[in-house]
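Chemist: Before anything else, here's the structure in question.
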Amino acid sequence: MFADLTLTPKESLRLCALGTIAAGPIRYSDLAGSVRHFCSRVMGPSLDLMGLSIELLRYEGLVDAIDGEGMEDNALLAISDAGRRELHNLLTARLRPSTDLTKLIVTLKFRFLHLLEAKEQARQVDMLLDVCESELARFEDLRAASAEEGAALLAWLDHDIVQLRERLAWLEKMRDAL
């Protein structure tokens, strides 16, 4: 954890993995795919989110191989008591205020957009539209893949999807006004 007791990117992956396993035993490869799919749909591609070692979870005693050894034979994994304690610690960790560098950059682009020629302003808005469309597609994909998940996750994803659609409409209106 960071000094302020908030989660690091790797601990976020750990939370995703342990939460997934806590729902029921899962094969090693299915766990790896599930964590990668979920996190990449929320964050997009990120090197910070590629560092989870399921073997490390097993080595630390947070998960147990109940059918097989590990990665080499695609073992069936289950969460251990220590894993449940760690999951609880991760789930109850504090949240950092938004520190997303992308949010800062986008805000700065809008702050100084007027300093660009009209044609370049339109290009910047088009770029932001592309980014927003990509993010919306990721969230809609995650929503479709999460149909069997709990109501709280679905409600949160629906909320984000509505916001992204509103942002898209706003950006399109802005582009049309340029």
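The values are calculated or read from the model by the stated rules, or taken from the named source; none is laboratory data. Just so it is clear, the structure is predicted and the values come from calculations on it, not from any experiment. Cβ atoms come from the backbone with ideal geometry, glycine included; neighbour counts cover every protein chain shown. To get the accessible areas, we keep the full protein, side chains included, count just its heavy atoms, and leave off ligands, DNA and RNA. Shrake-Rupley method; radii C 1.70, N 1.55, O 1.52, S 1.80 Å.
Chemist: Give segment 159-178 a look and list any residue that's open to solvent by 60 Å² or more (accessible area, probe 1.4 Å) and acidic (Asp, Glu), or say none.
Modeler: GLU166, GLU172, ASP176
Chemist: Which of the residues that make up segment 156-178 are over 19 Å from PHE38 (Cα atoms), of a type in the set (D, E, K, R) and in contact with a helix residue (DSSP H, G or I) (Cβ under 8 Å, 6 or more places away or on another chain)?
Modeler: Once the filter is applied, which keeps residues that are over 19 Å from PHE38 (Cα atoms), of a type in the set (D, E, K, R) and in contact with a helix residue (DSSP H, G or I) (Cβ under 8 Å, 6 or more places away or on another chain), segment 156-178 yields ARG165, ARG167, GLU172, ARG175.
Chemist: Counting only residues that are within 20 Å of LEU153 (Cβ to Cβ) and outside any loop (DSSP other than H, G, I, E, B), how many does segment 10-31 have? Don't jump to the end; show me each part of the working.
Modeler: Applying the first criterion (within 20 Å of LEU153 (Cβ to Cβ)) to segment 10-31 yields 11-24, 26, 30-31.
Keeping just the survivors that are outside any loop (DSSP other than H, G, I, E, B) gives 11-22, 26, 30-31.
So the answer is 15.
Chemist: Now, a different point. Which of the residues belonging to segment 43-60 are touching a helix residue (DSSP H, G or I) at 6+ places or on another chain (Cβ under 7 Å), assigned to a helix (DSSP H, G or I), within 26 Å of THR102 (Cα to Cα) and among the aliphatic types (A, V, I, L, M)? Before the answer, list the steps.
Modeler: Let us first name the residues in segment 43-60 that are touching a helix residue (DSSP H, G or I) at 6+ places or on another chain (Cβ under 7 Å), namely 43-44, 48-49, 51-52, 54-55, 57.
Among the residues that remain, those that are also assigned to a helix (DSSP H, G or I) are: 43, 48-49, 54-55, 57.
Now restrict to residues that are within 26 Å of THR102 (Cα to Cα): 43, 48-49.
Of everything in segment 43-60, those that are touching a helix residue (DSSP H, G or I) at 6+ places or on another chain (Cβ under 7 Å), assigned to a helix (DSSP H, G or I), within 26 Å of THR102 (Cα to Cα) and among the aliphatic types (A, V, I, L, M) turn out to be MET43, LEU49.
Chemist: Here's another thing I want to ask about it. Scan segment 71-82 and report the pairs whose first residue is more than 15 Å from GLY19 (Cβ to Cβ) and whose second residue is exposed (fewer than 15 other Cβ atoms within 10 Å of the Cβ) and among the β-branched types (Val, Ile, Thr), with Cβ atoms within less than 6 Å and a gap of 6+ or a chain change.
Modeler: LEU76/ILE66
Chemist: Right, here's the next one. Identify, please: which residue in segment 108-129 is part of a helix (DSSP H, G or I), aliphatic (A, V, I, L, M) and touching a helix residue (DSSP H, G or I) at 6+ places or on another chain (Cβ under 8 Å) and is, among those, farthest from LEU168 (Cα to Cα)?
Modeler: Of everything passing the filter in segment 108-129, LEU113 is farthest from LEU168 (Cα to Cα).
Chemist: For ARG41, only one of the following conditions fails: (1) in contact (Cβ under 8 Å) with a residue 60 or more places away in the chain; (2) surrounded by fewer than 17 Cβ atoms within 10 Å (Cβ to Cβ). What is its number?
Modeler: So the condition that ARG41 fails would be (2).
Chemist: Specify which of the listed residues (ASP4, ASP81, ASP64) is among the acidic types (Asp, Glu), exposed (fewer than 13 other Cβ atoms within 10 Å of the Cβ), at pLDDT 80 or above and more than 30 Å from GLU133 (Cβ to Cβ).
Modeler: Details: ASP4 fails: at pLDDT 80 or above; ASP64 fails: exposed (fewer than 13 other Cβ atoms within 10 Å of the Cβ).
It is ASP81.
Chemist: Another question, if that's okay. Which residues, taken from segment 84-93, are open to solvent by 40 Å² or more (accessible area, probe 1.4 Å) and in a helix (DSSP H, G or I)? Before you say what the answer is, go through the steps one by one.
Modeler: Step one: of segment 84-93, the residues open to solvent by 40 Å² or more (accessible area, probe 1.4 Å) are 84-86, 88-89, 91-92.
Passing the criteria: ARG84, ARG85, GLU86, HIS88, ASN89, LEU91.
Chemist: Looking at (1) closer than 30 Å to GLY19 by Cβ; (2) surrounded by 14 or more Cβ atoms within 10 Å (Cβ to Cβ), which one does LYS103 not meet, given that it meets all the others?
Modeler: (2)
Chemist: Taking into account only those residues within segment 23-37 that are open to solvent by 70 Å² or more (accessible area, probe 1.4 Å) and closer than 21 Å to ASP81 by Cα, which is nearest to the chain's Cα centre (by Cα)?
Modeler: First pass over segment 23-37, keeping only residues open to solvent by 70 Å² or more (accessible area, probe 1.4 Å): 23, 25, 27, 30, 36.
When the remaining residues are screened for being closer than 21 Å to ASP81 by Cα, the result is 23, 25, 27.
On the way: ALA23: 18, PRO25: 22, ARG27: 21 Å.
The qualifying residue nearest to the chain's Cα centre (by Cα) is ALA23.
Chemist: Based on what the data block shows, is LEU142 surrounded by 14 or more Cβ atoms within 10 Å (Cβ to Cβ), under 14 Å from the mean Cα position of the chain (by Cα) and hydrophobic (A, V, I, L, M, F, W, C)? Quick ask: steps written out before the conclusion?
Modeler: On the way: surrounded by 14 or more Cβ atoms within 10 Å (Cβ to Cβ): yes; under 14 Å from the mean Cα position of the chain (by Cα): yes; hydrophobic (A, V, I, L, M, F, W, C): yes.
So LEU142 passes the test.
Chemist: Here's another thing I want to ask about it. Can you tell which of SER98, SER40 is within 24 Å of the chain's Cα centre (by Cα), within 19 Å of ARG138 (Cβ to Cβ), at pLDDT below 90 and outside any helix (DSSP H, G or I)?
Modeler: Numbers: SER40 fails: outside any helix (DSSP H, G or I).
The unique qualifying residue is SER98.
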